[in-house]
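These notes are about the structure you will find just below.
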Amino acid sequence: MQQDILINWSPQETRVAVVENGAVQELHVERTLERGLVGNVYLGKVVRVLPGMQSAFIDIGLERSAFLHVADLWQRPLDGESLPAHRNGGAQRPIEKQVFEGQTLMVQVIKDPIGTKGARLSTQISVAGRMLVFLPQDEHIGVSQKIPASLRDALRARVQQLAHAATPEGKTGGYILRTNAEDATDAELAEDVAYLRKTWTRIREAGARQPPASLLHEDLRLLQRVLRDLVGEGTQSIRLDSKEQFDALMAFGKEFMPAAAARLSHYRGERPIFDLFNVDDEITKALGRRVDLKSGGYLIIDQTEALTTIDVNTGGFTGSRNFDDTVFKTNLEAAQAIARQLRLRNLGGIIVVDFIDMAPGEHQQAVLAEFRKQLARDRVKTQVGGFSHLGLVEMTRKRTRESLAQVLCEPCEQCQGSGRVRTARTVAYDILREILREARQFSPKEFRIVAAPAVVEMLIDEESQHLAGLSDFIGKPISLQAESAVGPDQYDIVLL
């Protein structure tokens, strides 16, 4: 798999496109004023403890209080244990016995605020480096599941030795070896250990002197996370269109990630960098409900706060043999397209896919196998169930930040995100009923209707007889005023 990473930088926004085999697979957007919070460490203050929900709300200086669940509350191990009680099979102590209102806690954001929900927190701090993740409250050495089992014990022993060498005075802390640590030298691992411990010391010192609701540590910017998180074995090039940012990122990469920095280049072309692979067109398509398939079929993707639904349709694809064959081919193509769309749109949470009904069981298994194969390329954790008795496939995709649509869009002012507005006739009838209610309570000289032009036209034309009849019934004149600034299903009745 050949992978290219394109970075479009401007003072207000950084955009990153991950292109695999010529097709855009992932889009990452970070705006200077709207940076994500995952990985940030704060000194928080407990503002409320909810025993019934086994959670607490923490003030970390944001607009909304953040959320801490008891499962994310770190408990120190008991004497003789290497892990906290709840991770060693023991019971987790109730949250009301561990935290109290007014208490200050060092916390880390593990989920960005999404919609109306505040950020989710953990009291187990982790600091990510190029090859290692440092767990200062822990003592065990973990290894990424993507590293071959035959190498894990040796890597674990090497890191254990390097950690003890770096902290001869006592506690070493815990570490998790990231995937790119597989071929790391002892010198590279030692550099990462030193960097992580230095960062943790700086966080602790800031926590000792800063007031509650203070930011103690900020995770890397998107530009730097490209080198840390997105570069893999298949990455051929990383092209950045800003000379200033290229120089800064190259300096950062040479110090911490020299292998990734070696693939970095400054793009000097006259065409905008995103035009190379029509990335802007892909962004526009990724914000729409409908995704057309090459065969003539299509997907309908609807994203809600609770879950995302994906419906597969044959559309104009009729096939060349029989109906079962047509359905099977459409579902196979849809499985590939859906896996790509999940990455492209960064859809997370519960996802329900309604493939076209397939009678033969072997067709269902083949589609499911293809779907799982495509999802295996996703760096975000996914879990897929089988076909339900209703023919639906349920899955989950880990959600740690907002989707592409949530980053780039906002609810429509007219429909408030519902996707529907009432017809002009419906609004006209609402107005007639409202005037009748008002006339029973008040006795003005005149009622004036201020509404959208389409509604006023409906009242003047098709509903003029009903309007005149109402005016005679209440004994008051009714005037009309069209306002283009008024929404299609909004109106105001002015008493004159």
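The values are calculated or read from the model by the stated rules, or taken from the named source; none is laboratory data. Values in this document were obtained by computation on a predicted structure and should not be read as measured data. Ideal geometry is used to build each Cβ from the backbone, glycine not excepted, and the neighbour counts take in all protein chains shown. Accessible surface is based on the protein model in full, side chains and every heavy atom, while ligands, DNA and RNA are left aside. Shrake-Rupley method; radii C 1.70, N 1.55, O 1.52, S 1.80 Å.
The table that follows gives values for the structure above.
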item	result
Residue list for the range 1-49, filter: of a type in the set (Ser, Thr, Tyr) and either loosely packed, with under 15 Cβ neighbours inside 10 Å or in a loop (DSSP other than H, G, I, E, B) (or both)	SER10, THR32
Test: residue in the range 406-413 that is outside any loop (DSSP other than H, G, I, E, B), modelled with pLDDT of 90 or more and open to solvent by less than 80 Å² (accessible area, probe 1.4 Å)	no
Residues located in the range 455-491, provided they are of a type outside the set (Asp, Glu) and assigned to a loop (DSSP other than H, G, I, E, B)	GLY475, LYS476, PRO477, SER484, ALA485, VAL486, GLY487, PRO488, GLN490
When residues of the range 287-302 are limited to those that are hydrophobic (A, V, I, L, M, F, W, C) and more than 20 Å from MET395 (Cα to Cα), the one least open to solvent (accessible area, probe 1.4 Å)	LEU293
Which numbered condition MET250 fails, given (1) crowded, with 17+ Cβ neighbours inside 10 Å; (2) within 26 Å of LEU344 (Cβ to Cβ)	(2)
Of all residues in the range 172-188 being without any contact (Cβ under 8 Å) to a residue 40 or more places away in the chain and over 14 Å from ALA128 (Cβ atoms), the one that is most open to solvent (accessible area, probe 1.4 Å)	ASP183
Output for the range 32-47, where each listed residue is at pLDDT 85 or above and at negative phi	LEU37, VAL38, ASN40, VAL41, TYR42, LEU43, GLY44, LYS45, VAL46, VAL47
Of the criteria (1) over 37 Å from the mean Cα position of the chain (by Cα); (2) closer than 27 Å to ARG340 by Cβ, which one TYR429 fails	(2)
Given (1) surrounded by 15 or more Cβ atoms within 10 Å (Cβ to Cβ); (2) touching an Asp or Glu at 6+ places or on another chain (Cβ under 6 Å); (3) without any contact (Cβ under 8 Å) to a residue 60 or more places away in the chain; (4) not in a helix (DSSP H, G or I), number of the condition GLY391 does not satisfy	(1)
Scan of the range 320-346 for residues that are surrounded by fewer than 22 Cβ atoms within 10 Å (Cβ to Cβ), in contact with a Ser or Thr (Cβ under 7 Å, 6 or more places away or on another chain) and either of a type outside the set (D, E, K, R) or over 24 Å from GLN303 (Cβ atoms) (or both), ordered by number	THR326, LYS329
Residue within the range 435-446 that is touching a residue at least 40 places away in the same chain (Cβ under 8 Å), in a helix (DSSP H, G or I) and of a type outside the set (D, E, K, R) present	yes
Test: residue in the range 303-315 that is out of contact with any strand residue (DSSP E or B) (no Cβ under 8 Å at 6 or more places or on another chain), of a type in the set (Gly, Ala, Ser) and surrounded by fewer than 16 Cβ atoms within 10 Å (Cβ to Cβ)	no
Per-region count, the range 419-428, residues under 15 Å from HIS466 (Cα atoms) and surrounded by fewer than 16 Cβ atoms within 10 Å (Cβ to Cβ)	2
Top-ranked residue of the range 447-496 - restricted to ones that are among the β-branched types (Val, Ile, Thr) and free of Cβ contacts under 8 Å to residues at least 40 places away in the same chain, ranked as surrounded by the most Cβ atoms within 10 Å (Cβ to Cβ)	VAL455
Condition check for VAL494: of a type in the set (A, V, I, L, M, F, W, C), assigned to a strand (DSSP E or B) and closer than 24 Å to GLN414 by Cα	yes
Complete set of residues in the range 349-385 that are part of a strand (DSSP E or B) and either open to solvent by less than 20 Å² (accessible area, probe 1.4 Å) or farther than 22 Å from GLY297 by Cβ (or both)	GLY349, ILE350, ILE351, VAL353, THR382, GLN383, GLY385
Filtered residues of the range 228-259 (kept if closer than 24 Å to ARG31 by Cβ and free of Cβ contacts under 8 Å to residues at least 60 places away in the same chain)	LYS243, GLU244, PHE246, ASP247, ALA248, LEU249, MET250, ALA251, PHE252, GLY253
